1. Just wondering, is there one or more residues in region A:397-405 that are away from chain B (no Cβ under 12 Å), open to solvent by less than 20 Å² (accessible area, probe 1.4 Å) and within 22 Å of A:Val329 (Cα to Cα)?
2. Quick check on my filter: what residues within region A:320-340 are surrounded by 24 or more Cβ atoms within 10 Å (Cβ to Cβ) and either within 14 Å of chain B (Cβ to nearest Cβ) or among the small types (Gly, Ala, Ser) (or both)?
3. Sort through B:Leu298, B:Leu330 and tell me the only one that's at pLDDT below 90 and over 21 Å from B:Val466 (Cβ atoms).
4. Take region B:454-466 and flag every residue that is modelled with pLDDT under 85 and open to solvent by 30 Å² or more (accessible area, probe 1.4 Å).
5. Which pairs have Cβ atoms under 6 Å, sit 6 or more apart or on different chains, and link a residue in region B:426-453 that is modelled with pLDDT of 70 or more to one that is open to solvent by 30 Å² or more (accessible area, probe 1.4 Å) and of a type in the set (D, E, K, R)?
6. Can you tell me which residues in region A:192-221 are open to solvent by 20 Å² or more (accessible area, probe 1.4 Å), closer than 20 Å to A:Val268 by Cβ and assigned to a helix (DSSP H, G or I)?
Amino acid sequence: MDQLVSWQAVFEQARRDFPSIVPEVMLAVFGLAILFTDGSLNARQKSWNALTAIFGVAFSATALWLMSGVQASTFDNSILVDPFFIFFGLVFLVLTAVVILLSVRTSETEGERQGLQFALMLFAATGMLFAACGNDLVLLFVALEIMATSFYVLSGFLRDDRRSNEGPLKFAVTGIFSSAILAYGFSILYGLAGSTNLAVIAQKIAERHSQWPADSLAYVAFATIAAGILFKIAAAPFHQWVPDALEGAPAGCAAFASIGSAAAGFAVLLRLLLGVFWPLAAAWVWAIAAVAVLSLTIGTFAAITQSNIKRLLAYSSIAQIGYVLLGLVATVNKDGTVSTRGLRAAGYYLLTYSVFATGAFGIVELLRRKGMAADELDDLHGLVRRSPVAAILMLVFLLSLAGVPLTAGFVAKLMVISALVETQHSPLAIVAVLYMLPAVYFYFRMIAAMWAREPGDAMNPAIAWTQELALGAMAATTLAAGIFPEQFVRFAQSSVLRPFLH
Amino acid sequence: MIFSSGEILTTILLTPLVGAAVLLILPSVRADLHLRVANGFAALDLLASLTLLWRFHAAGDAPRFQFGSDHSWIPSLGVRFTLGLDGISLVMVMLTTVLGAIAIASTLRSIRQRGSHYYALMLLLQTGLLGIFLSLDLVLFYVFWELTLVAMYFLIAIWGGERRSYTAFKFLLYTLAGSVVMLLAILAIGHARDTFDVREILAHPIAQWHLEKWLFWGFFFAFAIVVPMFPFHTWMPEVQGEAPAAVSAILAALLLNAGVYGFLRFSVPMLPDAAHKYRSFMIVLSLIAIVYGALTSLMQKETKRLMAYSSFSQMGFCTLGIFSLTPLGLEGGVIEQISCGISMAALFLLAGIVYERRHTTTISELGGLASAMPKFAAIYIVMTLAALGMPLLCGFTGEFTVLRGVVAIHWGWAACALIGVVLAAASLLWLYQRVMFGSASDTTESESGGAVDLNRFELACLIPLVLLAFWIGLYPRPLFRVLDAPVKRIVEAVNPAYSREAAGESLTLRALAAPPPTSMPPSGAPAPPAGAK
């Protein structure tokens, strides 16, 4: 009898709480639909898959949008619907939509199984959304794994390309290893608190910390969890998978795997550091600062020597992540309170970075010809003659990556550095400023190749209208967020900030 | 009241930008159309800026910044879109619009490929430079500063000479290295004062010494690299050797001035204690630039490189005058900026004209141009004399006023600078002699005869510069009048002891020192009652 009642209660709760996970369910349903219908489509109908995927993302985004302003926790407190979730959810969905649009032509020219590709993208997005709203260790772990597994497959999608087999294998092996470390850290947290719920754990950690400030278990938990998540974020020294995995993948998938993974990882990191590990803030600030500086250093100096565009962008993305992490460092004031400026800077950086970095990867994808990736620096030569549209779009993305004014990248760097100055992390501010210079060098190498070199015998890139639409929208956003940043700043501020004002 | 008179500055600032956007939209096949559109927008900008001349109030009791326009831009970061104009920026803006229009017009034939991009970048460059001179918000200033450098990079990298790619990179990395440090200084000011508003900070300069000294060096690197001051000058001759003629002209005449303007607007009046404390150091660097630049220019084998070193030497005069921290020195520094802008722009354009006809800038391959190109030779000698400080021409007014300002501190410094004047004169005159009279070592008579004299169009570009050079040499009074008030304010902030001491004396000094032959007029403005005593 008891059993029956509790089942009823569970159903009742599921019925009541279901609306809070509609965005994720939408993505999963559409992903499955693609898998099931793909087999019955003939070659000419294959592009319907992309359409289905776009619809899935659109429905999911609509559901998410309808939730804006809601503050609720459902499913026994394991899911949190708050502005933070809406913000990151929208970033993920926009990223997914853009990547789908960019990938339409690639899968056509390469003749790979499109259906699977788009389904995996939707599954990855499902995992990312759950990672942003998860308030429970198990849910977070599963969400991150759904995302990561999709990325392992996506990055090895071009089975005929040798590079597309080596990189993903490295990615998967090290990825699974890092997940194991993450699981280990989660288990320590569970052991400490006797619960998998983040709110309970946060309370327990705070209690233990006030009793024994030198509680080594909490630090071990922090270290292992940070290692696991920093791997997803691709921060140094957990970055080795990035260049290899990205080099072999089609650029759209590469962008998704690096930027999507970083954004989702960052959402989890924010929730954990500013929630569960907040009592340890004085310690983790230094750890994150060290990782940020290391990422900047390794990413920058490795990018200088690259001659492959994708590898260059991959290493430079490690450096860019360093800036986001510096924003995270600047969330902690000297007196141990949360700095709104730092959080807002990290949020704005992540929001705009995911736009213009994806754009840059998208342009590389345009250069692809049948069976050939065309992703060497030489392939950019004289692009302005061969395709002025592509050259101008790429110019916008690269200027933004380099942090030149009137683009979003400049405002993002400005916000991070000024947040560092405000929170009196002067040495870090100096480091952040100085690393802008080598970045200018390697991004302008690409710009010089496109604009100041004569075209060789390379073909003119063909741009599909879906790619034109996606890239044009991203370039417009990059410029808009650089020239009129106020709305974007406010969006980041209102969404990212609210849950963390202790 | 005057401060809110419309959006004239925004119009002047954005006209070239609109022109650049129009050029990018136009179909790329109509080369002649691009040319007309670009010239049209540059002329429009010049006309708009001319209206400033009779609406500007130069009197000492007029507001410090006029034609102000103040809009909210990024409120959550405290950054505003604030423009304003004082006497110093007025002359800089006028110089920019005049030289910008001339430089764009002068590239009628030399740019044969991708004209639309070229003109769009030239117009963008002009907006950047105008923005530097007009911004009254530190972050806005930085935005235009970088915009200028990036536009310049593209102009060199795409349309430069053989080694354009390398030199353009060198230019960009050098100048940006300074600017990123400046960005840090700007953010530190914003943190310390909770505002980026230049007016606010000028009204209450930074007075915490531990902060001030760092800020001074932060700005110093950005400006000293662009000016260029002594140890940071190595990029310039190389870049000037490679850049196309019109870009060289803009670089020598306006970009370098933007660096000097930075000292004048930010370093000196915002950080008065630091400026005062490091004065001797800056003066020594300036003197090294004057003498060393002139000496090196003697040894150059290429016209454009020689001119580059010569302008390096003249920029030394500008910084020398400014860091003398005396009213005469500052006024002279600004006038030297203008004079250097006019003469160097003309000389680089002339070098470009020679290059178009003879396809070389190596001095030994040129020669005997005077007989073949008499009009060219005439303008060339006027501009050479203007550059080396011949009385009756603009260079003299500038250098002489600077020297008078410096003598007031110590005669030894002025003496050192005089050595530089002599050397610079030798170098430029020797260049003239070799290019105009000597015979080229490896050219035949027919080749040198093949050099056609200036056509009507080229004359139309150069004559205004000649007229300006004579005007500043003969009748600089309006310039002094415009510069008087802002310069007084700066000296009062940075060198209060001097300005008090010399309140009575300076007038007599001026009247005495004004030499009759050049009819150097005393400042026309009635001496305002120095401050509110």
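The values are calculated or read from the model by the stated rules, or taken from the named source; none is laboratory data. Keep in mind that what you see is a predicted model, and the values were worked out from it rather than measured. Cβ placement follows ideal geometry from the backbone for every residue including glycine, while neighbour counts extend to all protein chains displayed. In case anyone asks, the SASA skips ligands and DNA or RNA and just uses the protein heavy atoms, side chains included. Shrake-Rupley method; radii C 1.70, N 1.55, O 1.52, S 1.80 Å.
1. yes
2. Across region A:320-340, the qualifying residues are A:Gly322, A:Tyr323, A:Leu326, A:Gly327, A:Ala330.
3. Sole residue among the options that is at pLDDT below 90 and over 21 Å from B:Val466 (Cβ atoms): B:Leu298.
4. Within region B:454-466, B:Asn455, B:Arg456, B:Phe457 qualify.
5. Partner pairs satisfying both residue conditions: B:Asp453/B:Lys375.
6. Once the filter is applied, which keeps residues that are open to solvent by 20 Å² or more (accessible area, probe 1.4 Å), closer than 20 Å to A:Val268 by Cβ and assigned to a helix (DSSP H, G or I), region A:192-221 yields A:Leu192, A:Ala199, A:Val200, A:Ala202, A:Gln203, A:Lys204, A:Ala206, A:Tyr219, A:Val220.
One line per residue, one yes/no per condition, for (1) of a type in the set (Phe, Trp, Tyr); (2) more than 24 Å from B:Phe348 (Cα to Cα):
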| residue | (1), (2) |
| --- | --- |
| B:Met390 | no, no |
| B:Leu403 | no, yes |
| B:His410 | no, yes |
| B:Ala415 | no, yes |
| B:Ile419 | no, yes |
| B:Trp430 | yes, no |
| B:Arg434 | no, no |
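Residue-by-condition table, conditions (1) in contact (Cβ under 8 Å) with a residue 60 or more places away in the chain; (2) within 30 Å of A:Ala249 (Cα to Cα):
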site: A:Thr126; (1), (2): yes, yes
site: A:Phe157; (1), (2): yes, yes
site: A:Ser164; (1), (2): yes, yes
site: A:Ile188; (1), (2): no, no
site: A:Ala206; (1), (2): yes, no
site: A:Ser210; (1), (2): yes, no
